[in-house]
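Written out below as structure tokens is the structure these notes cover.
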Amino acid sequence: MNLHDLRVLTLDIGVALSAILVLLVDLVLPAARRKLTAPLAALLLTAVLVASFFVDTTGTTAWGAYSGSAGTLFFQRLFLAAGIVGILGGMAHVAKQTRFRQGEYYFLLLCSLAGMTLLPGVRDLILLLISFELMGLPLYVLAAYEKSAGDPQGRGARASEAGIKLYLVGAASTAIALFGLSYLAGVAGGTSFHALQTAHHTRLFALGAVLVLAGIGFKLGVAPFHMWVPDTYEGAPGPFVAFLSAAPKAAAIAALCAVFFTGLGQHQADWAPAMAGLAFLTMFVGSILAIPQKNVRRLLAYSGVAHVGYMLLAFATGTTDGLAMVLFYAVAYVATNVGAFLVAHAVAADSGDDLATGLRGLHKRSPWLAVALLVFLLSLAGIPFVAGFWAKLYVFVAAWKVVGPMRGFMHVLVAVGAVLSVVALFFYMQLARAAYMEDPPDEKPVRVAFGLRVAIVACLVAVVGIGAYPGPLLEASHAAAAKFEAPSPRPIPLTARWLRMNDPSPPRLVRGGFLINGEHVSDGPGMNHHTVLGD
Amino acid sequence: MTFTATMIVFALVGALAFVGSIFTVRSSKLVHAVLWLGVTLGMTAILFVQLGAPFLAGIQLLLYVGGVMTLMIFGVLLTKRDGDSELKTEEPSRERGALIALAVFAVLAGTIWLGRDALQRTAVPSLGTGWLGTSLLTRHLVAFEALSALLLAAMIGAIVIARRRDPDQPSEPKES
Amino acid sequence: MTLTTCLILSAALFSVGLYGLLTRRHAVGILLSIEVMANAANLNFVAFAHYGGASWGQAFALFVLGLTVAEVAIGLALVMLLFRSHKDVLVDLANAFKH
Amino acid sequence: MTTPMWALIAVFAPLASALLLAVLAPIRRRGGLAAAVSITFALASLVGAIFAVIGTLHAGGSDWTRSWLASGGALPLSVTFGVHVDGVSAPMLAVVALVATCVQLFSTGYLDDESSASRGRYFAYQSLFLFSMQLLVAAPNLLQLFFGWEIVGATSYLLIGYWYKKPSAARAAVKAFWVTKFADMGLLIGLVALFGFTGSFEWTAQLAPAAATAVTLLFVLAVMGKSAQFPLHVWLPDAMEGPTPVSALLHAATMVAAGVYLVVRAQPLFAQAPFTQHFLAYLGAGTALFAALLALVQTDLKRVLAYSTCSQLGYMLAALGAGSAFAGFFHLTTHAFFKALLFLAAGSVIHAVGSNEMSKMGGLWKKMPLTMLVFIAGAFSLAGFPGFAGFFSKDLIIDSLSEHHLWAPYAALLLGAFLTALYMGRAILLTFFGPHESHEAEHAHEPGWSMKLPLIVLALLSVGAGFFGGDLWHLASLTDYVHGVYHFRFGAVASVLALSGFVVAWVAWGKTREEPALARSLAAFANRAWVDRLYVFGYRAGLLLVSDVAAWIDRYIVDALVNVVGSFFLLGARRARRLQTGNVQDYLFAMSLGAIALAVWSIWR
């Protein structure tokens, strides 16, 4: 691996180093200065984000296990932005509630981000598993971050419960996905995506694929793997939920793109119908169950579930166009959802009330915060001129244009999606009504910390900007989606096939490549050595 | 069909692993369950040896039976309440669980059995531990590094949430 | 001993683990069940490797072992936390979000 | 300045006003100033629209569009944004701006009891509404039209619910929102389908016959909601809870007209779908007759006008269904004038009497002679009294139906014309003649000039606009959408019907305020025919909604349907919520079940 290879991983390494740096700085800082770790973390991430515009990260590295492209960059920038906004939004809360554990908080957040930035580029199942867990494990800890001793009703108790639920369901889904991975890799005869692309199609392979889908579906909050979502969102620390509800979901979308689009693109018939079915169920469950919710966070949790359903709808098309719409939707969703959660958090942090009643009369207390909330709600509901409208329209258009056996079903799904988006309006309007048409309990303006304010404004700018001029983002998502396309099916290289059948002597590592039965396989970019090691 | 020694060992060890797993999930005393898990993992290690992965078997014994199980026993003992040795599962959930488990087994085994022709592969001698090491430093290097980050994060995360009081915190913890 | 028998054995182990996952009320018990499931996956990996001819399966299993250790560490820490806040580790009693 | 530039002013002047009022709170909080700003910009919009009309008269239509999105990728999703000025959109811009200006001017007097902050809010909404309506009218493609359509819906929600502290107003706003929103779904799916079939959002697209039928039927769903056609008309009578000027603007002249306007615009698409056109003709004629019957038995003056609006929109859609776009469009413009006039005049009466009920009015002709005069002018125009504006446009519609041999709708519309004269005669007699029925009616007086001026302007237009039909016809040049050219055959039959309607009204209500036997038996018949079925239905659904038998039965039926659908979702949600027990093992159970189902489905598919 030469320097050229490392360049591909610049952003990932940057995030990981930032994590370590934050931890080290936290060690040397005196207790009173601990709150400086937050701006430091945000600054480091900003530096990485800026670097992403100057460093060329396209290319394949680690013997084909990782591949950087415009597609990975698209996601990585999204994660970095979400991370920065998440840190800024949570600064005040973390400094107040967990004063003595701030450095670790940001360290874990950055570790999770490092896992996310790896995900879109993975081209190997082992790396996929590890980066998925690198993303997930710190989140379990962060969900339970607000601990308290002995009070079973307190905030800490709820956080611990949120954490253990997230953990148990998460670990179980990891085990299920792991089992699926074993079938996938086993039938394909290798862990590289190239092996998946060329694998013979068997039932066991399809079984593995849907088990992996179930595992990723858990992180994504796809029904029926969504049940942890509202509980965790309700119990975990407020600003962390804003991050949790957006970035890991986008990362899970990235994983879906990598595994199912790049890796299993040739086996679309295996997963596309299942994905469409899940899309239907998820849209339906999310929209309907949001109706009776009184707690703002739970309501937004279910609405998030519904939005994942829309993304899956576009994903199930299996076309590059559909994927582009998924990417577009993901960006719109992250900006909108983080914003909505942050507003809800800002109000709840002020009044200590997570119920929708807490938003009452927000218009009179803090008109700008109310406007921000309204814009986010409109975007979530898919009303024109904000990001959410384009996202939904594009998803519907992509789904409508599907050709092939799924065409009729997709048309039905578009109709169902349209109906459900009207149902969804119901609960968004409830929040808007509370904020605009009811009288506030008191006229005191809501106190919003500086970092939180910056974060909300950033989300607002993104939502309105995308709504007013979606062109550039649309082009970027098209360009990114094209990079996830699986290469056209190629026969398994001779060397690999031969190696799999009868292997008299193990290949020997020699200078600049490998020696297999006297045949030298070069270290240059090509398929051969991947298959030697991976397949 | 002739019974070779390998097959007999496989059958015995496999049966033991299975029985161990049953007791792991059914044993009413949690400490016993942990020990039964040890049996399962140990038997799996023997299977690993049979399947040409002795190195992995060693790791399994060291890491699991040595480390994880000790941790688990600590976990059980530290969270023990008085008079809480009996941990009965509720009846309805037991039936429900059994039903699901059987269904899953039926689906998995059915799929394997239906596709058994494609699984007719001959055993190939392992490429050896050196080969494993090479792959860790080449193709799986990034994953290896990510795993080390993951272990660090897990360690710090576990410490952060498990410790009773944070350093620098006033002696009597009063958190909100 | 063929690949098929190995796979069926691991499927059985996996199902038993799933049973435990659904019936254990003690959080540590659930952790144990998850270990059984992960172990089953590992058996698959090694078996496929043995009958496939390449080493990827062993590498995968090695990574899974490392991963499981991390998971158990976090899991036990969370169990301790739950115990401390609820004085209990029966997961169905930790139920503040019943709606 | 080119024509499109004037149109741009017409569209964006109200937006500037809305933004100004939204951002500059000091202006908004001072109600009078906010009104001045809003009216000034509405006037600017009117001036822009008039110049756009003049430009179109001289040089024909033209476009100003900018590419908003030019998407890469295989999906050719390119969207333009701008204004499309032609003989249809330019006059429509002018009509909307004119009515909006009149209504805003009227509102300054009507809302003088409100606090100035809340008046500021009202004018901000009004400006936003005008912008969205103009955006819709000037849209160069269906996507932009959809944008305008959605914002119009949202602002109408705000305006209907202006008195949000009044529970009935809040309920009405919610109901209007839901019913129209449900219908809007049709437009969204239709748009997606249109794009899926043709790759563009143009209304001149060519489609396969089946696709054209499907897309246009989806559009018709949206039209039914927006233009209050049976059975989605339920929201319109309730929406009368808003301030009366709002009713005049939204529920008479502009917003409800959006549905008709959509059909006029998308006429090239509808022309490819004969089935949809037939459906539209029958739907429109049916609603026209049905709503006219209901208007006859209302006691609330605004509700009479509301049902009359449903009825008149039915006329327009029937004409469009017959393929005569011009007849529909012409009636759209004249109706905008006289219905706005009627609502504003009614508003003037309501402002003076303090009640919507006609039983509280009576004998007002002495106290409010001007209001009476303009109201009668509007009523004559609406009823199609010979020489008034409505006469020309309505006869053209009836004529076009006979031209296309749609005899059942033709008969329905003729009967409707008689009923229109009847119920308007009744409203005039009950409101302005006979004895004073309340203390307030005795002491009523004419409103101030800010309210009189719009009334006079609109009255002049209601009387005279019909004579410009020929000019509008040349300007709109909608002949290419219809087969053959229509003559203004002044329908003697229709005139006779209208006159006899007034005569019958005089006979029935001229001497007494008692409901005559005819009307009573009509109401009683309608009640008896539906009551039994309603009880069975209500019992079965477990929703015993029937509490007030005197209330209107049709609304119960459709209300019940709305409620059943609503409670279906609510009940379903409640039941499903029970799964969310908070117990982690239940979650794991659901997960495993899902995984099994998924596995089985993908393997043994």
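The values are calculated or read from the model by the stated rules, or taken from the named source; none is laboratory data. A quick note: this is a predicted structure, and the numbers were derived from the prediction, not measured. Every residue, glycine as well, gets a Cβ built from its backbone with ideal geometry; the counts of neighbours run over all protein chains shown. For accessibility, only protein heavy atoms count, side chains too; no ligands or nucleic acids. Shrake-Rupley method; radii C 1.70, N 1.55, O 1.52, S 1.80 Å.
Interface of C with A. Using a 1.4 Å probe and counting protein heavy atoms only, the two chains hide about 3800 Å² of accessible surface, both sides summed. Screening chain A for whole DSSP H helices of 15 Å or more along their axis (Cα) with average Kyte-Doolittle hydropathy at least 1.6 returns A:10-28, A:37-51, A:125-143, A:203-220, A:367-381, A:450-468. For the pair the stretch C:26-55 / the stretch D:273-330, the C-alpha centres are spaced 71 Å from each other.
Roughly what percent of Cα-Cα pairs across chain A reach past 39 Å? That tail contains 24 percent of the Cα-Cα pairs.
A Förster distance of 45 Å, applied to the separation of the beta-carbon atoms of D:Leu217 and D:Leu415, puts the FRET efficiency at 0.95. For the stretch D:329-414, trypsin sites (Lys or Arg not before Pro) are listed when DSSP marks them as loop and at most 14 other Cβ atoms sit within 10 Å of their Cβ; the list is D:Lys366. Averaging Cα coordinates gives a centre for the stretch A:273-304 and one for the stretch B:51-79; these two points are 40 Å apart. For the stretch C:3-98, the pair-distance distribution built from all alpha carbon pairs, in bins 5 Å wide starting at 0, is 3, 14, 18, 19, 17, 11, 8, 6, 4, 2, 0 percent. Looking at chain A, the accessible area is 28 square angstrom per residue; that uses a 1.4 Å probe and ignores ligands, DNA and RNA. Sequence-ordered 3J(HN,Hα) estimates for the stretch A:236-242 from the Karplus curve with 6.51, -1.76 and 1.60 and θ = phi - 60° stand at 6, x, x, x, 5, 4, 4 Hz, glycine and proline given as x.
A 1.4 Å probe run over the stretch D:170-318, with the rest of the protein chains in place, finds 21 Å² accessible per residue.
Of the trypsin sites (Lys or Arg not before Pro) in the stretch A:410-463, the ones in a loop by DSSP (not H, G, I, E or B) with at most 13 other beta carbons within 10 Å are A:Arg447.
When B and A come together, around 3800 square angstrom of accessible surface is lost from both chains combined, probe 1.4 Å. For the stretch D:37-68 versus the stretch A:416-431, the inter-centroid distance based on Cα atoms is 36 Å.
The protection proxy used here, the mean number of other Cβ atoms lying within 10 Å of each residue, ranks peptides D:312-318, B:56-62 as follows, highest first: D:312-318, B:56-62.
Averaged over the residues of A:294-306, the number of partner chain Cβ atoms lying within 10 Å of the residue Cβ comes to 1. Where a ≥ b ≥ c are the square roots of the eigenvalues of the C-alpha gyration tensor, would you call the stretch D:1-116 rounded, which needs a/c under 1.5, or, failing that, prolate if a/b is larger than b/c, or oblate? Note, shape of the stretch D:1-116 comes out oblate. Using the Cβ-Cβ distance between B:Val65 and B:Arg94 with R0 = 25 Å, the FRET efficiency computed as 1/(1 + (r/R0)^6) comes to roughly 0.30.
Does the stretch A:297-371 come out rounded, prolate or oblate, given a ≥ b ≥ c as the square roots of the eigenvalues of its C-alpha gyration tensor, rounded meaning a/c under 1.5 and, failing that, prolate meaning a/b above b/c? It comes out prolate by the Cα gyration axes. Spin-label model, A:Arg447 to D:Val496: label points 7 Å out along the Cα-to-beta-carbon direction sit 8.3 nm apart.
Peptide B:55-66 shows a mean partner chain C-beta count of 3 within 10 Å per residue C-beta. Against the criterion of solvent-accessible heavy-atom surface with a 1.4 angstrom probe, A:Arg298, D:Arg121 sort, most first, into D:Arg121, A:Arg298. Scalar couplings 3J(HN,Hα) for the stretch D:252-259, obtained by applying the Karplus form with A = 6.51, B = -1.76, C = 1.60 to θ = phi - 60°, are 9, 9, 10, 4, 5, 6, 4, x Hz; x denotes Gly and Pro. Pairing chains C and B buries close to 6800 square angstrom of accessible surface in total, based on protein heavy atoms and a 1.4 angstrom probe. Scaling the Cα radius of gyration of the stretch A:367-408 by the globular reference 2.2 N^0.38 Å produces a ratio of 1.62. Note on the stretch B:5-89: Kirkwood radius taken over Cα pairs, Stokes-Einstein applied at 20 °C and 1.002 mPa s, translational D equal to 156 µm² s⁻¹. Cross-link check: pairs A:Lys392/A:Lys483; A:Lys444/C:Lys87; D:Lys166/D:Lys360; A:Lys392/D:Lys226 evaluated at a Cα-Cα cut-off of 32 Å; pairs beyond the cut-off: A:Lys444/C:Lys87. What distance in nm separates the two pseudo spin-label positions at B:Ala5 and D:Ser168, each 7 Å out from Cα along the beta-carbon direction? Each label point is offset 7 Å from its Cα along the Cβ direction, giving 9.7 nm. Highest average first, the peptides B:103-109, A:477-483, C:37-43 ordered by how many other beta carbon atoms sit within 10 Å of their residues are C:37-43, A:477-483, B:103-109.
Distance between the modelled labels on A:Val371 and B:Arg163, one decimal in nanometres: 4.6 nm (7 Å Cα→Cβ projection).
On the beta carbon distance between D:Phe467 and A:Lys294, with R0 = 60 Å, the FRET formula returns roughly 0.50. For the stretch C:3-98, the solvent-accessible area with a 1.4 angstrom probe is 14 square angstrom per residue. Among the chymotrypsin sites (Phe, Trp or Tyr not before Pro) within the stretch A:41-133, those in coil by DSSP and having at most 11 neighbouring Cβ atoms inside 10 Å are A:Phe53, A:Phe54. Sorting D:Trp604, A:Trp368, D:Trp235 by solvent-accessible area of protein heavy atoms yields A:Trp368, D:Trp604, D:Trp235, largest first, with a 1.4 Å probe.
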